[in-house]
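Worksheet for the structure shown next.
The values are calculated or read from the model by the stated rules, or taken from the named source; none is laboratory data. This structure is a prediction, so every number in the text was calculated from the model and none was measured. In this analysis, Cβ positions are derived from the backbone assuming ideal geometry, glycine residues included, and neighbour counts consider all displayed protein chains. The area values use the complete protein model at the heavy-atom level, side chains included, leaving out ligands, DNA and RNA. Shrake-Rupley method; radii C 1.70, N 1.55, O 1.52, S 1.80 Å.
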Amino acid sequence: MSEEKPRKSRNPATGITRRTVVKGAGAAGLAASAGPFFFTRPAQAAKTLRILQWSHFIPGYDKWFNTQYVKEWGAKNGTEVIVDNINLGLIPSRAAAEVSAQKGHDLVMFLAPPSVYEDQVVDMKDVYAECEKRYGKPIDLAVKSTYNPKTKKYFAFSDSFVPDPVNYRTDLWGDIGMTPNSWDDVRAGGKKIKDKTGIPIGIGLSAELDTAMAMRALMYSFGASEQDAEGNLAINSKETLEAIKFMKALFQEAETPEVLAWDPSSNNRQMLAGRSSLVLNAISVTRTGENDKLPIHEKIAVSKALQGPVRRIGLEHVMDCYVIWKFSENIDGAKKFLVDYIDNFKQGFMASEFYNFPCFSQTVPDLKQLISKDAKAVPADKYAVLADVLDWATNVGYPGYSNAAIDETFNTWVINTMFAEAATGSETPENALKRAETKMKAIWTKWKERNMI
Amino acid sequence: MEASAAAVECNENLNDMATVEVRSIRKEFAETCAVDGIDLLAKEGEFLVLLGPSGCGKTTLMRMIAGLEQPTAGDIVIGGKVVTHLPPRARNIAMVFQSYALYPHMTVEGNISFPLRAAGMPRDQIERKVAWAAKMFGIERFLNRKPRQLSGGERQRVALARAVVREPVAFLLDEPLSNLDAKLRNSARDELKHLQRELATTMIYVSHDQAEAMGLGDRIAILNQGKLCQVGTPQEIYRNPVDIFTATFIGSPPMNLLEDKDSYTGFRPEDFLPKEIGADGNTVSFPFRVTRVEYLGADRLVYGAIEGRTAATHVISKMPTMLRTEVKAGQLYDFSVRQEDIARFDRSTGARLYGARQ
Amino acid sequence: MTSEAAALAGKEHSGPGFWSSFADNERWLWPAMLAPAVLYIVLLVGFPFFLSIYYSFTDVTVGGRDLHFVGLQNFNRILESSTFWLALKNTIILTVISQVCILVMASILAQALSVNFRGKWLVRLLILLPWVAPIALGSIGWLWIFDSIYSVINWTGRAIGILGPNDWPIWLGQPNLAMASIIIVQIWRILPLATVIILAGLTSIPQDLHDAAAVDGAGPFRRYFQITAPLIRPITLVAVLFGIIFTFTDLIVVFVLTRGGPYDQTQVLATWAYFTGIQGGDLAGGAAISLFLFPVLVAVAIIFLRFARRTEVL
Amino acid sequence: MTPFSARAGKAAQATGHAAILVFFVTFLAFPFAWMVITTFKTTQDLHNVANNPYLFNDPPTLDHLRTLFADTAFVQWLANTAMVGAAVVIITLALAIPAGYALSRMTGALGQSLGVGIFLTYLVPPTILFIPFARIIAALGLQDSLWSLVLVYPSFTVPFSIWLLMGFFKAIPRDIEDAAMIDGLSRFGAFLRVVMPISLAGILTSIIFTFTLVTQEFVYGVIFITASSNYTVSVGVPTFLVRGDVYFSGSMMGACLIASVPIAIIYNFFVDRFVAGFTGGAVK
């Protein structure tokens, strides 16, 4: 899980790391504990590259990345690579602190487009160009998530994204003779299952990531969106209102108030406990079930995004967005690292157990084949449905770009709150929409003033 | 208290000029003047009592002598040397506090040896001295106890032992007996006097209890409102008070005062006796209406008022029980005072006009 | 003996050197003793604090370092926001209710602990636990207890028949229950401290007073409310003041349990400041929100300190 | 009262007393009992809603603890917490004892308002401070070092301890210091050799408080430290055992237990002294 990253200080005489010495001495306790007080800076001898990213949901990915991949890369490039893994929820505060300090990591991975930091990061144009030379154009999703058409700047580089399919219980849906293909199916079937078995639908209505994605998927498939393709605020539409009303009905007919309290892990638990008939989530649900040997994972199927009145569309679940701070001490190294990482992306794809999907499709040319035969999944082709994910996955901010206003709206959970207020009946759908619009207007005004959108 | 030969020897050579003197000393606090220009000299080996009601400045004066307060003006001279700006520890004086101020975290032994350790005295000498002081006050048994395990009297002895052990130029004692019960206080007073004789060290003693002051002091300094009223032996103070304050402050019951036109006439209760007792010669007599009689064993206190004056004035007579004269409440008697026992005070300043006894 | 005394005297009369006059002169000594702490506080509390105040009058965001003065704009924006009033209301409700409960419960528990009984050591240990547990971890423990699926409270309630087969309260999902859950956790973590403080007050009351009151014919309740309670009032004030500070500025419990949800209904000022300033990137807005905490706390603290000083706590 | 009714009354009282204690112990300690159960349950058992949550439906497992110790730097985090705690305690005492003493002995309005002023700094919430702090830490080159926490944590422990100790010093009679000065110590010497030893209970109280506040702190720890080997327990556990969508409940509960119970036992030994320390300033 938390692999010891390579230590920052080396004993110049022997070339072995301090960690090795300590381990050799067999003192895991106090001797080692004094360490952090004395090593605050990387040794000056070699170049260093410091990477900050989340603790990957698939522990195997971190293991591969931290102990194998970056070590090999470091050895090849004469660079000591330090990887710090933190909880995904803590990335924003850490980034804020680094910008405030104007010091920190060379490469920072966000899980959603970090548009607000545009002023602070270097343009990734050349990284994209280099990768494009080797693997063709990046997917539209990546560009929409990391490019600001107003300033013509690539503020981040996206290597991969995580699909956000539907997870549902085959047994329960089979019993009522349905499969969840559209939002209307979910509402009708969800109600039936809940009435029959008491087991609800698990689409969140809380201030967290999964809800944010699910609500946007709902809106977009109803033809609603936060902004238009040009980045103008467009939340106030009858389509949005329709989506809100639909969610209200869905919540009242097929859900329980538990979804109001959720964090990103709650829908996983609900599903794995057998207390849910359907959730919108990455493949983490089934992967956890497989890894923890919970037999229920065999009854969970994965399917593509739901069909709405206007289109079938879903979100990426997570968008890997690497940024390089302007104040980074190793900008060139960081860029080279990204390019090389794309070269080796297939390894990452495998290590993440199909969690990270490539933004440069050609890096994993045999993706379809790979996912159709999984070692752990029951049935083995469970994840094959993800093959055409690009046809139904889009970015936050669709149909426009994921800009600073979209980012702030996302992170302050404006959309989540709007849906929750209406669904619980604490506000009318119209009022909830109006409240959200007020908040978003302020956000749009602010970023327009700064010429960021 | 046993006087060991060693103790006497110890102190023999110590204090060549063990005088303590304050010169026109003043102390002002934020808005008040606690000590207002006092000159006072405690002679070598003298037991000087600072007496006054609470708030008169006596404790402030003592704290200035100790160095715990800085005077606003004036000087303090100890052993002929001006110490005004020296910290307490450089003045070589000892002090016993009203609360005893024993160190609660140290044993009795630790308390007594503390000043010696602070001065960096060698260990074996400390032990000898502590043993000597403990023996002097009979507290050898308690050496390993903590102060909270001791009674009030025992604590007082420890405090004294701590003061004595370093053989200071002078002792300052701040009402050290006030926390003892009445019986213990008497014996302690006795012992203290005895101790002072033995050590022959200058002692300055603060008290608000006149009986204590009279009993202990070689001389008494009366303070009132930051000013020195009078300094003198107990007799001088008692018989020859220089003003109304001293006259009424000293003596129990206090001096009787009769209002005249521009002065007060004062006489002590024990000098105010039935006319027939009063000796021949120069007496002044008063018609005395008795209202109440109190028997105190050795004395009778007769309360009443003098009649025939514009304002009836309440006075008290203190009659030794040996005088068998019958005195009853409600009756009118003739009482008299010898002319020489009468004092007159200026009505506006309170100062004495002329003495009854030259 | 003479030489001893001389040595002693010599040492003592070594004259007022620099150190000596320094160590004795209160005019220099007090400032010197205060200086390190005051310096630290000015540099590491005062300076950042004023920087934050400055931020709140600008348009700074997490993403940029250039900022413009915008006057009271941030404050106006906050005051217009319904979430602010909700957060303020929640902060006050949370603080007041939890403190009242803590006061009552701590008084009872302290009373129960003030007598001797077998196993007291263990009981005290168990009672102290919540206070020493890192609160981030303790809150996660509660998150697990309140879990919408695995809630052990609900399971137990069903097992002993308090909850019917169809009752399954969603502790963190229903606004009132969510608020109640947060209050419960705040009580849980502060109660041990309050109990210990009040217990301290109880043990400091001389037994004489209880005896005297008993002799005077006072029953246990009269004895408590007319003798014990007034005597421990000052120290109780201290306990309550700390409770208020801990609850008022706390971010973690709400952050872990509900993240302000459902739909902002449990948002408190501290979490809202965090979400706005850090998650949302609106540093200036976050600074402005958290500044609201300060005057309220100062007012509360001054009232308490005034009371306390009257009763000689400070 | 007859002997019988007296005995009955006593029994009723004892029962009531026991009932109160049972209620409170249940409320306060239950989460820990729950942590114990969770720590040793298999994941499958935990996630099966049909199971009685109090029972071990599968045999108890050490897997969660193994994860905690083998896959995370938990021991290191504990040690870090202890080291930071110790360092902060030392700094806090070094700053707060002299300041608290000076404030307790300063006469006049200045001392009083300074005392209140210092206490008010305790009320400045960390949410306000941490962005500016990040800049200070960076300027000093302390990011990712435990020294950053050692530097920053006194910002809340010092004002608090000053306030606590001030009350305590005020309760010490001035006579005792005066006596010490007469007995040959300087003003400062009297403070060092007499006042400090007498105030041990108060100092102990502020040590306990400081240490607890340090172990509880979360926000600064998250922001200033990213290297897993430099985390404190409060930060390391939730950061490493909440991975993406999944909570490692068993390991987390085990970590919480291990981090709390030993401290609670130590405190329990000192709680009487602590109690004395707390009343020092408040009740004479």
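With respect to being more than 14 Å from chain A (Cβ to nearest Cβ) and either surrounded by fewer than 24 Cβ atoms within 10 Å (Cβ to Cβ) or touching a residue at least 12 places away in the same chain (Cβ under 8 Å) (or both), C:I244 fits the description. On inspection, A:E130 qualifies as more than 14 Å from every other protein chain (Cβ to nearest Cβ), over 24 Å from A:D391 (Cα atoms) and open to solvent by 10 Å² or more (accessible area, probe 1.4 Å). For C:A112, are the conditions met, namely being farther than 17 Å from C:G285 by Cβ, at pLDDT 75 or above and either under 34 Å from the mean Cα position of the chain (by Cα) or in a helix (DSSP H, G or I) (or both)? Yes, satisfied.
Scanning the range D:26-49 for residues that are over 15 Å from C:A133 (Cβ atoms) and part of a helix (DSSP H, G or I) turns up D:T26, D:I37, D:T43, D:Q44, D:D45, D:L46.
Condition check ((1) in a helix (DSSP H, G or I); (2) crowded, with 16+ Cβ neighbours inside 10 Å; (3) in contact (Cβ under 8 Å) with a residue 12 or more places away in the chain; (4) in contact with a Ser or Thr (Cβ under 8 Å, 6 or more places away or on another chain)) across all residues:
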{"position": "B:E21", "(1), (2), (3), (4)": "no, yes, yes, no"}
{"position": "B:E69", "(1), (2), (3), (4)": "no, yes, yes, yes"}
{"position": "B:D75", "(1), (2), (3), (4)": "no, no, yes, yes"}
{"position": "B:S99", "(1), (2), (3), (4)": "no, yes, yes, no"}
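Inside the range B:119-154, residues that are surrounded by 18 or more Cβ atoms within 10 Å (Cβ to Cβ) and of a type in the set (D, E, K, R) make up a count of 2. Restricting attention to the range B:290-310, the residues that are out of contact with any strand residue (DSSP E or B) (no Cβ under 7 Å at 6 or more places or on another chain) and of a type in the set (F, W, Y) total 1. Filtered by the rule that a residue be farther than 18 Å from D:A171 by Cβ and either open to solvent by less than 10 Å² (accessible area, probe 1.4 Å) or outside the structural domain of D:A201 (by TED's automatic domain parsing) (or both), the range D:93-106 gives no residues.
For C:I170, the requirement of being crowded, with 24+ Cβ neighbours inside 10 Å, within 14 Å of chain A (Cβ to nearest Cβ) and more than 24 Å from D:L164 (Cβ to Cβ) is not met. Among the residues here, D:L21 qualifies as within 21 Å of C:I127 (Cα to Cα), of a type outside the set (K, R) and facing another protein chain (nearest Cβ under 9 Å). Restricting A:I199, A:I283, A:I296, A:I244 to residues that are at pLDDT below 95, more than 8 Å from every other protein chain (Cβ to nearest Cβ) and surrounded by 23 or more Cβ atoms within 10 Å (Cβ to Cβ) narrows the list to A:I283. A residue that is of a type outside the set (G, A, S), in contact with a Lys or Arg (Cβ under 8 Å, 6 or more places away or on another chain) and open to solvent by 40 Å² or more (accessible area, probe 1.4 Å) cannot be found anywhere in the range A:313-328.
Restricting the range D:125-142 to residues that are free of Cβ contacts under 8 Å to residues at least 24 places away in the same chain and under 24 Å from the mean Cα position of the chain (by Cα) leaves a set whose member that is farthest from C:G243 (Cα to Cα) is D:I128. Just to be sure, is C:G161 out of contact with any Phe, Trp or Tyr (no Cβ under 7 Å at 6 or more places or on another chain), touching a residue at least 24 places away in the same chain (Cβ under 8 Å), away from chain A (no Cβ under 14 Å) and farther than 19 Å from D:V22 by Cα? Criteria not met by C:G161. Beta carbons closer than 7 Å, at least 6 apart along the sequence or on distinct chains, pair a first residue in the range B:197-215 that is open to solvent by less than 10 Å² (accessible area, probe 1.4 Å) with a second that is among the acidic types (D, E) and part of a strand (DSSP E or B) for B:V206/B:D174. Meeting the requirement of 3 or more residues that are within 14 Å of chain C (Cβ to nearest Cβ), the helices (runs of 4 or more DSSP H) wholly within the range A:349-436 are A:404-411, A:414-424. For D:I90, the test of being modelled with pLDDT of 85 or more and open to solvent by 20 Å² or more (accessible area, probe 1.4 Å) is passed.
Taking the range B:101-123 as the range and being within 16 Å of B:R155 (Cβ to Cβ) and assigned to a helix (DSSP H, G or I) as the test, the residues that pass are B:V108, B:E109, B:G110, B:N111, B:I112, B:F114.
With respect to (1) over 33 Å from the mean Cα position of the chain (by Cα); (2) outside any loop (DSSP other than H, G, I, E, B); (3) more than 12 Å from every other protein chain (Cβ to nearest Cβ), the lone exception for D:G9 is condition (3). Can you confirm whether the range D:53-64 contains a residue that is assigned to a loop (DSSP other than H, G, I, E, B), within 12 Å of chain C (Cβ to nearest Cβ) and open to solvent by less than 60 Å² (accessible area, probe 1.4 Å)? Within the range D:53-64, one or more residues are assigned to a loop (DSSP other than H, G, I, E, B), within 12 Å of chain C (Cβ to nearest Cβ) and open to solvent by less than 60 Å² (accessible area, probe 1.4 Å). Quick one: would you say D:V152 is open to solvent by less than 30 Å² (accessible area, probe 1.4 Å) and within 14 Å of chain A (Cβ to nearest Cβ)? Taking the combined requirement at face value, the residue satisfies it.
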